Amino acid sequence: LSDHCAKTSNPLPLYVGWEKVLEAGMMPMERTLSTSLYVLSLDEGKESDRSDKGDRDVVSEVAMFHDALYEPTEKTIALLVKSLVGRGDAAGAEALLESIADGPLADLRHRTTSPILKLYCEKGEIDAALRLYHKMKHTSRVVMEAGTYSDFIAAVAENGYFRSDSEPIDGAKDLGYNPA
């Protein structure tokens, strides 16, 4: 089913197929789950329009199922992070990344960490954004993009930290940034 859906670029049958996998208690092969994740990710943005699906996030369910049975991959972690960020849970997404900090996926790429930073900035959680920015800046596989810098600086400015009478950002001094 996964291969057919991939060939036709049609993820809709996988929503039914995933229910049947859960009902039957099947253990799909790793390749099948990876293909399912690829196909389901084609439906991003559209899947929320499916009224018969309810509030379930099938993509993150499949990713978690994959990671429970097999070794997590950068793709599954990225999909879980995206799901948490989509629900507004930046701290949960960052905690997920922290939980794999000692494993082979410790140095995830910019595309995995930047949505978390962006959410922190949008929510005005500048202290958490600075802490994550600092980690990203000092991670070898994260190559910062110009948009990331400008979004972060804009969020700091929007929250009044560039005013002469502003309080320093919590934790900035601990990270080596001059609060003045």
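The values are calculated or read from the model by the stated rules, or taken from the named source; none is laboratory data. Here the structure is a predicted model, which means the values were calculated and not measured. Here the Cβ is made from the backbone with ideal geometry for all residues, glycine too, and neighbour counts use every protein chain on show. These area figures cover heavy atoms from the full protein model, side chains too; ligands, DNA and RNA do not enter into them. Shrake-Rupley method; radii C 1.70, N 1.55, O 1.52, S 1.80 Å.
Some points to look at:
- Listed values for region 161-172 are Karplus-derived 3J(HN,Hα) couplings in whole Hz (6.51 cos²θ - 1.76 cosθ + 1.60, θ = phi - 60°), namely 7, 9, 6, 5, 9, 7, 6, x, 5, 4, x, 4, and x replaces Gly and Pro.
- Take the Cα of GLU71, step 7 Å toward its Cβ, do the same at GLU145, and the gap between the two points is 2.8 nm.
- Cα-based helix-to-principal-axis angle, 110-123 vs the chain, degrees rounded to 10: 60
- Longest site-free stretch - the chain; sites: GluC sites (Glu not before Pro), DSSP loop, at most 13 other Cβ within 10 Å: 45-144
- In the chain, the longest principal axis of the Cα atoms and the axis of helix 74-86 are about 70 degrees apart.
- Student exercise, the chain dipole from Lys, Arg, Asp, Glu Cβ charges, in Debye to nearest 20: 440
- Exceeding the 29 Å Cα-Cα cut-off - candidates LYS75/LYS173; LYS20/LYS82; LYS20/LYS75: LYS75/LYS173
- Per-residue SASA remark: LEU175, around 50 Å² accessible (1.4 Å probe; ligands, DNA and RNA not included).
- Helix 126-137 axis, angle to the chain major axis (alpha carbon atoms, nearest 10°): 70
- Volume in Å³ per residue [convex hull over Cα atoms, computed for the chain]: 134
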